[in-house]
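Taken together, the values in this text are just the output of simple stated rules run on the coordinates, not laboratory data. It should be emphasised that the depicted structure is a prediction, and the values quoted were computed from it without experimental measurement. Neighbour counts run over all protein chains shown; Cβ positions are idealised from the backbone, glycine included.
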Amino acid sequence: MSRAVPAQSIQTRPIEAQAGETRTGETRTDEAQAPDSPLDEAQVRADFPILGRLVNGRRLVYLDSAASSQRPRPVLQAVERYESTMHSNVHRGVHSLSQWATEAYEQARERVRRFINARSVREIVFVRGTTEAINLVAHSYARAELGPGDEVLITLLEHHSNIVPWQIVCAATGARLRAVPVLANGELDLAAYHSMLSDRTRLVALAHVSNALGTVLPVQELIRAAHARAVPVLLDGAQAIAHLPVVDVQALDCDFYAFSAHKMYGPTGIGVLYGRESLLAAMPPWQGGGDMIRSVSIEETTYNELPAKFEAGTPNISGAVGLGAAVDYLERLGRERVAAHEQRLLELATSRLASVPHLHLVGTAAHRAAVISFTIDGVHPHDIGTVLDSEGIAVRTGHHCAMPLMQFYGLPATARASFAVYNGADDVERLVAGLQRVRELFG
Ligand code: 7TS
């Protein structure tokens, strides 16, 4: 069971061809753009085939990228090329397809390592997504570390996937889950964080960016304070990874970082757990099966090295390939340019929505990613979403899997517009016009 495939053993170079293909003009994003020039909106939009379709007779305005982003042609092509020219199982065979598949899978891991600046590919575990990454840490790391009297510290603005796994392990171990409150504007109550961090805290788990409000947490300060007490920190990066100008796990000095490919222009069913190698090495496997073992007898099993120890069973190989292509795509666009584009949209949308009568923004933190939650007096958010859909505009309505936060605001739900690289000022105008229509229909 070899993990590394010697380059000279490969007859053709399928992955290089794949990467090359995305550079030959089949995608329209312009590599020659100067790093500080603005994003070419028309070119980027043309990369996403789904944006060409009509919804209810109107050009689709997709403002639900926080739930799942769309995929550009280079990602679709990379997955199709993998599936149609090199699919086999990984880490198993001497035959060529298995070697190509293994190389494709492991090259994707290296791309992810570089993307988040991890020290080693041993720190990059492929999982199904953010949810599975957090559950892995909860069940492998926290279950062994926690006992009665210990505390896990989260915040009130977490997605359910950064709440429920901790409730489950706390119930199993007798530990206590505590949530740091937020301020009315959606920022974290920093004074409360510092006072709640204590000798009992064994783990801190925080959203890097809130999915419901867009708040960007000052994670470096929060991590420094936790580390001063030797408490490890997990960051839920689901909403950060595709939207911040940089995510550098070494600069952040976080211990775990979780994200999903489908929120960064990659496929569903694949995501990443970054873990500091010293922690991952000491953690027991979570799931047992093929690929995660070195040798098995009925009496005893020895485990494979990192990261295979945490990747039991046949993985999502084409998903990893698609994730690798999504990393390339974001890097070609330039993450700073993407973040600047989205910040301009956020400013525009914030000021344009302020012109809609009886509309209230929920969450106005000073540092926000391009997510806007809002309510309109007298109109249920689901009705807002339904009317907008009839106009071809996709937003999410509901509690955004952040029910404790909604409770804090005394709201059952909000409408949420979340922006991505393919949105433009015209989308903001369509949203504002759609909201005027909501007002007309609901008086
Ligand atoms: N953490 C955050 C901050 C999220 O926004 C989400 C998904 C998850 C975790 C879970 O990610 P998954 O890929 O494992 O499902 N957020 C949303 C959302 O805002 N609307 O739909 C899903």
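A dipole drawn for region 100-331 from +1 and -1 charges on Cβ atoms has a positive end, and of Trp166, Ala192, Ile223 the residue lying farthest that way is Ala192.
If amide H atoms are built 1.01 Å from N in the plane of the peptide, which residues on other chains or at least 5 residues away come under 5 Å of the amide H of Ile293? The answer is Asn304.
Of the chymotrypsin sites (Phe, Trp or Tyr not before Pro) found in region 351-437, not one falls in a DSSP loop while having at most 10 other beta-carbon atoms within 10 Å. Inter-label distance, Glu440 to Ser195: 5.2 nm, where each label sits 7 Å from its Cα along the C-beta direction. Converting phi to 3J(HN,Hα) with the Karplus coefficients 6.51, -1.76 and 1.60 and the offset θ = phi - 60°, region 117-129 yields 6, 6, 6, 8, 5, 5, 9, 10, 9, 7, 9, 6, x Hz in sequence order, with x at every glycine or proline.
Work out the length of the dipole vector of region 310-426 about its Cα centre, built from +1 on the beta-carbon of each Lys and Arg and -1 on the beta-carbon of each Asp and Glu, and round it to the nearest 20 debye. Before the final figure, lay out the partial values.
Numbers: 8 positive and 11 negative charges, 45 e Å.
Around 220 debye, computed over region 310-426.
Residues with beta-carbon under 15 Å from that of Thr173, excluding Thr173: net charge, scoring Lys, Arg +1 and Asp, Glu -1? Once all neighbours under 15 Å are counted, the net charge is +2.
Averaging the Cα positions of each part gives two centres, and for region 257-272 and region 41-113 these lie 11 Å apart. For region 100-331, the square roots a ≥ b ≥ c of the C-alpha gyration tensor eigenvalues yield an a/c of 1.5 or more together with a/b not exceeding b/c, which makes the shape oblate. For the pair Ala340 and Arg92, the difference between a 0.36 nm per residue extended length and the Cα-Cα distance amounts to 84.9 nm.
Here the chain is assigned +1 on the Cβ of each Lys and Arg and -1 on the Cβ of each Asp and Glu. Its dipole about the Cα centre then comes out at about 220 debye. The label point for His382 and the one for Ser84, both projected 7 Å from the Cα toward the Cβ, are 4.2 nm apart. Considering only trypsin sites (Lys or Arg not before Pro) in DSSP loops that have at most 16 other Cβ atoms within 10 Å, the longest stretch of the chain without any of them is 230-443. Placing +1 on the Cβ of every Lys and Arg and -1 on the Cβ of every Asp and Glu, with no other charges, gives region 235-299 a dipole of roughly 160 debye about its Cα centre. Were the residues from Gln250 through Ala144 laid out at 0.36 nm apart, the gain over their Cα-Cα distance would be 35.6 nm. Using θ = phi - 60° in the Karplus curve 6.51 cos²θ - 1.76 cosθ + 1.60, the 3J(HN,Hα) couplings for region 326-335 round to 5, 4, 4, 4, 5, 5, 5, 5, x, 5 Hz; x is entered for Gly and Pro.
Rounded to the nearest whole Hz, the Karplus-based 3J(HN,Hα) values (6.51 cos²θ - 1.76 cosθ + 1.60, θ = phi - 60°) of region 81-96 follow the sequence 5, 4, 5, 8, 10, 9, 5, 6, 7, 9, 6, 10, x, 8, 6, 4, with x at glycine and proline.
Annotation: amide H-H contacts under 5 Å for Val55 (H modelled 1.01 Å from N, sequence separation of 5 or more, or interchain): Leu60.
For Asp64, the residues whose modelled amide H falls within less than 5 Å of its own, excluding neighbours fewer than 5 places apart on the same chain, are Ser418.
Checking the a/c ratio against 1.5 first, then a/b against b/c, what shape does the Cα gyration tensor give for the chain? Judged from the Cα gyration tensor, the chain comes out oblate (a/c at least 1.5, b/c at or above a/b). Can you bin region 335-442 into rounded, prolate or oblate? Criterion: square roots of the alpha carbon gyration tensor eigenvalues sorted a ≥ b ≥ c, rounded for a/c under 1.5, prolate for a/b above b/c, oblate for the rest. Cα axes put region 335-442 in the oblate bin.
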